[in-house]
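A.B. asks: Please read through the structure below; I'll follow up with questions.
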Amino acid sequence: MQVDEIISRVEQICKKQQVSHLLLYGSYAKGTQTQTSDLDFAVIGCDDVRKVAEEVDLIPTLKKIDILDYDKCKNVYLREDIDKYGKKIY
C-alpha cells in the first residue's frame, strides 16, 4: 500500500471517529523519510484515541503507524516539533 493510500485510510478512520484535526508529523512531514520510516500522526479533539489506534492497526501495510493524542501530549519539544513541521491533513 502506498503512503498516500495509508494517509487517506487514516483520514477516513479519524473522520469516522469525529476527530477534530489530523496532522502528519515526523520524517514524512519534513520530507526526510527513508524506506523504513514509520508514519506519525497527531490527533486533536479526539474522545477515544485508543479506538482510532485500534482501527488504524487494521490497515494492511508493512509500515508502522503511530497515533499521538496531541491534547494529552506533555512533551513540550514534541509539541513544538509538531507545531513547526506538522502537515495538516484536515
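Read-outs: derived from the displayed coordinates by stated rules, not from any lab. The structure presented is a predicted model; accordingly, all values stated were derived computationally and were not measured. Glycine gets a Cβ as well: all are built from the backbone with ideal geometry, and neighbour counts include every protein chain shown.
A.B. asks: Work through the residues other than VAL49 whose Cβ is under 10 Å from its Cβ and net out their charges, Lys, Arg +1 and Asp, Glu -1. Before the final figure, lay out the partial values.
C.D. replies: Details: positive: ARG50, LYS51, LYS72; negative: ASP47, ASP48, GLU54, ASP69, ASP71.
In short, -2.
A.B. asks: Assuming a ≥ b ≥ c are the square roots of the Cα gyration tensor eigenvalues, decide whether the stretch 3-88 counts as rounded (a/c under 1.5), prolate (otherwise, with a/b larger than b/c) or oblate. Don't skip to the answer; put the middle values down first.
C.D. replies: Working: a/c = 1.72, a/b = 1.02, b/c = 1.68.
Because a/c hits 1.5 or more and a/b fails to exceed b/c, the stretch 3-88 counts as oblate.
A.B. asks: Work out the FRET efficiency for SER8 and LYS51 from their Cβ-Cβ distance, taking R0 = 22 Å, and round it to the nearest 0.05. Present the calculation step by step, with values, prior to reporting the outcome.
C.D. replies: On the way: r = 19 Å, r/R0 = 0.86.
For SER8 and LYS51, the calculated efficiency is 0.70.
A.B. asks: Please enumerate, by chain and number, the lysines with C-alpha under 22 Å from the C-alpha of LYS87, excluding those fewer than 8 residues away in the same chain.
C.D. replies: Answer for LYS87, where 22 Å is the Cα cut-off: LYS15, LYS16, LYS30, LYS63, LYS64, LYS72, LYS74, listed by chain and number.
A.B. asks: When TYR28, TYR77, TYR90, TYR85 are ordered from fewest to most other Cβ atoms inside 10 Å of their Cβ, what list results?
C.D. replies: On the way: TYR28 19, TYR77 7, TYR90 10, TYR85 16.
In increasing order of surrounding Cβ atoms, one gets TYR77, TYR90, TYR85, TYR28.
A.B. asks: Classify the stretch 1-53 as rounded, prolate or oblate from the Cα gyration tensor: take a ≥ b ≥ c as the square roots of its eigenvalues, call it rounded if a/c is under 1.5, otherwise prolate when a/b beats b/c and oblate if not. Write out the running numbers ahead of the final one.
C.D. replies: Working: a/c = 2.42, a/b = 1.81, b/c = 1.34.
The shape class here is prolate.
A.B. asks: Then there's this: Amide H of LEU68 versus every other amide H placed in the peptide plane: which residues, excluding those fewer than 5 positions away on the same chain, fall under 5 Å?
C.D. replies: Amide H to amide H, under 5 Å and 5 or more residues apart or across chains, LEU68 pairs with PHE41, ALA42, VAL43.
A.B. asks: List the relative contact order of the chain as a percent without decimals, with contacts defined as Cα pairs under 8 Å and 6+ residues apart.
C.D. replies: Numbers: 126 pairs, mean separation 33.5, N = 90.
Answer for the chain is 37 percent.
A.B. asks: Can you sort LEU23, LEU78, LEU58 from fewest to most other Cβ atoms within 10 Å of each residue's own Cβ?
C.D. replies: Values: LEU23 20, LEU78 16, LEU58 8.
The fewest-first ordering by Cβ neighbours comes to LEU58, LEU78, LEU23.
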